[in-house]
Amino acid sequence: MNRSTSRIITMAAIAIMMVLPAFAGDYPLQVARNVMMYMALAITWDMLLRSGQISFGLAGLVGLGSYATILAVVRGGMPDWLSILFAGLFSGLVAFGIGFFILRLRHTYFSIVTLALGEIFRIIIHNLHDFTGGPEGIVIQQGVMFGGKSGPLYWLTLAGLGVALAASYWFEKSKFHFALTAIRNNEVSAKTSGVNIFRWLLATFVITSAIQGMIGGIFVQSYGFASPDSVFSADFTLLPMAMALLGGIHSTVGPILGGILLGLVSEWLKLQIPYGHLVVYGLMIIVVILFMPSGLLGIARKAGSRKSTDENQRRAV
Amino acid sequence: MSKLTTTDLTRRFMGLVAVNKVSFSMDEGEILGIIGPNGAGKTTFINLVSGIIMPTEGKIEYKGRDITYMPAHERARIGIARTYQLIHPLENLSLLENVMVGSIFARGKSLKAARKQAEKLCAELGLENLDRDPSRLTILEVKRMEIAKALSNEPEVLFLDEVMAGLNADETKDLIATVQKIAKERKLAVGVVEHVMGVIRELTHRVIVLEAGELIAEGPYEEVSKNTRVIEAYLGGAA
Ligand SMILES: Nc1ncnc2c1ncn2[C@@H]1O[C@H](COP(=O)(O)OP(=O)(O)OP(=O)(O)O)[C@@H](O)[C@H]1O
Ligand SMILES: [Mg+2]
């Protein structure tokens, strides 16, 4: 797959999302909102992965952002839209603080610690009963944003996805691309070229965490409710990972492609096997890693290069 | 003027003393050979002065400034560059983009300026078809790319760790001429590690000899090669 094909896929996906509310009913729009939310998470997960760091902390950050939003609204009386930005800011700040410690870790250690941190956030919220509502959760009494109308909520979610897309595109076109690719390839040689590894990892971790937290904020503003089980759900970690892996990692278009395919499949699966769909994502991650490590994009790229070598051979004859 | 000096530089790995009280200095425009048998500590010495590992004892000064514990990426910025014995081109970046990295991060250039600089460096090193993936380069091209990459830091001191290894006689001659040219034009201080003595004889103004981490001899190649301790070190390594 070459650059122009990637651009066409991205543009087509955005175009479909832009016109969807004009003719789709409430239920398809709700499905689309879920797909876009997971897609945004997949994109930001991939952005950190471009440095070689595998985070298992997606659910932790979504949960953190969700509670930042709902508590700011319920306990602090913050306006709805501001509470979503607040979730981003708060998650970014938390990421900045913990990044100082955990971004010195690598590989499995980093992954496990991100998983553990998410669990720690969940347990803290679970136990601060008076403030957070504890295990029963907390409801926005004054109602959700836009009175729960599916049209405006759709645009809100699309805006969240837009932020993730813009950030990812910016990463691809800026010094981030060189810094993260160099770090992923070989940290020793990156240092020798003057890359301040810690600084670039910290910036990436803060930016992606802020967006993930903001997505959490959009999630609770759409449903008006947060409980430790709902906003720290393993779905938020596994589904975006499966999407990015299926589509093809280290790019913006991969998670978009995987997001559309798997997003639709997952909504269907949730209806078919309400308790078993996580198993399917888990299996999918395993199968993709084992048999198609560079995802659908990789397969397309291979097909493309096979074609061009054929052409070269023909030309040579 | 002396660019880089070390004083009693020492690095231990557990019980092993890989570099043992090495004191040396390198001047502007000087090509210095760093020789010694396998495991003598040559690569470890370069790792120490480029900041990839930190010394156990001793001192490193660059242009009169103490840089003993300065992080590697900062050393890249103040003018120290190197290549690696085991080369790792950056995958998913083209030949040109590989050569941009030093300009972007060590020099802080914009992507556009870095691209221009990398094009210039590649032309200087005789590299063509810059959109290629590094996996498609010949050995000689990879070596040239590594040198171009190091030069993109715009260094004043450059270490080349066995860049000639794996090249045939013609290619080696070619690369010797290239190194001489870039060193002269930039008044670079170059530290060259090589096992082929012909290369050392032709390329260097002066050599230092390491054995089991210690600096055992120093001087022009013709002199050092007659030194009995050096001959013993090499024979000992061979036996
Ligand atoms: N990170 C490390 N940990 C433990 N021992 C090390 C490490 N790096 C190097 N050594 C040891 O230090 C000694 C010097 O190694 P070094 O690689 O510097 O030698 P060298 O002179 O470059 O050898 P060669 O000519 O084979 O490249 C060797 O005994 C090596 O095994
Ligand atoms: Mg070596």
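Since every read-out is calculated from the coordinates, none of them should be taken as a lab result. On a predicted model such as this, the values are computed, not experimentally measured, just so you know. So basically every Cβ, Gly included, is an ideal-geometry build from the backbone, and we count neighbours across all protein chains shown.
Brief remarks follow.
- Distance histogram for chain B (every C-alpha pair counted, 5 angstrom bins, percent rounded to whole numbers): 1, 7, 14, 18, 20, 17, 12, 7, 3, 1, 0
- Residues in segment A:265-282 reached by a label modelled at A:PHE291 [backbone nitrogen below 16 Å; 7 Å Cα→Cβ]: A:280-282
- Calculated FRET efficiency for the pair B:ARG132/A:GLN272, C-beta based, R₀ 35 Å, to 0.05: 0.15
- Chain A: relative contact order as a whole-number percent, Cα under 8 Å and 6+ apart: 32
- Only lysine pairs 8 or more places apart or on separate chains count here, and in segment A:3-312 those with Cα atoms under 24 Å apart total 4.
- Protection proxy ranking, peptides A:173-183, A:293-303, A:241-251, average beta carbon neighbours within 10 Å, highest first: A:241-251, A:173-183, A:293-303
- Sorting the Cα pairs of segment A:12-119 by distance into bins of 5 Å, from 0 upward, gives 2, 10, 15, 19, 16, 15, 12, 7, 3, 1 percent per bin.
- Taken as Cα centroids, segment A:224-270 and segment B:78-118 sit 36 Å apart, rounded to the nearest whole angstrom.
- Peptide packing: for B:17-25, B:127-135, the average count of neighbouring Cβ atoms within 10 Å per residue gives the ranking B:17-25, B:127-135, highest mean first.
- A Förster radius of 35 Å, combined with the Cβ-Cβ distance separating A:TRP170 from B:LYS184, puts the computed FRET efficiency at roughly 0.25.
- Relative to the Cα centre, the charge distribution of segment B:59-134, modelled as +1 at Lys and Arg Cβ and -1 at Asp and Glu Cβ, gives a dipole magnitude of about 460 debye.
- Cβ-placed point charges (K, R +1; D, E -1), dipole of segment A:3-312 about Cα centre in debye, nearest 20: 980
- Long-range HN-HN contacts of B:ALA217 with modeled amide H, under 5 Å: B:VAL209
- Across peptide B:109-122, the average count of Cβ atoms from other chains found within 10 Å of a residue's Cβ is 1.
- Rounded to 0.05, the FRET efficiency of the A:PHE146 and A:LEU82 pair, given R0 = 25 Å and the Cβ-Cβ distance, is 0.95.
- Chymotrypsin sites (Phe, Trp or Tyr not before Pro) restricted to segment A:272-301 and DSSP loop, no more than 15 other C-beta within 10 Å: A:TYR275
- Antiparallel bridges, percent of DSSP beta bridges restricted to the protein assembly as shown (to nearest 5): 60
- Where only DSSP H runs of four or more residues are counted, the protein assembly as shown gives -20000 deg cm²/dmol as its mean residue ellipticity at 222 nm, each run worth -39500 (n - 2.57).
- By the beta-carbon count within 10 Å of each Cβ, the least crowded to most crowded order of A:LEU48, B:LEU160, B:LEU16, fewest first, is B:LEU16, A:LEU48, B:LEU160.
- Average projected area [Cα convex hull, the protein assembly as shown], square nanometres: 31.3
- Positive-end residue of A:PHE171, A:ILE16, A:GLY92, charge dipole of chain A with Cβ unit charges: A:PHE171
- Cα centroid separation - segment A:168-202 against segment A:43-100, whole Å: 23
- Bridge orientation summary for chain B: considering DSSP beta bridges with both residues in this region, about 55 percent are antiparallel.
- Tail beyond 25 Å, pair distance distribution of segment A:3-312 (Cα, percent): 49
- Residues whose placed amide H lies under 5 Å from that of B:ARG82, excluding near-sequence neighbours: B:PHE159
- Qualifying GluC sites (Glu not before Pro) in segment B:1-98, DSSP loop, other Cβ atoms within 10 Å at most 13: B:GLU91
- Which of A:LEU153, B:LEU95 has the fewest Cβ neighbours within 10 Å, and the rest in rising order: A:LEU153, B:LEU95
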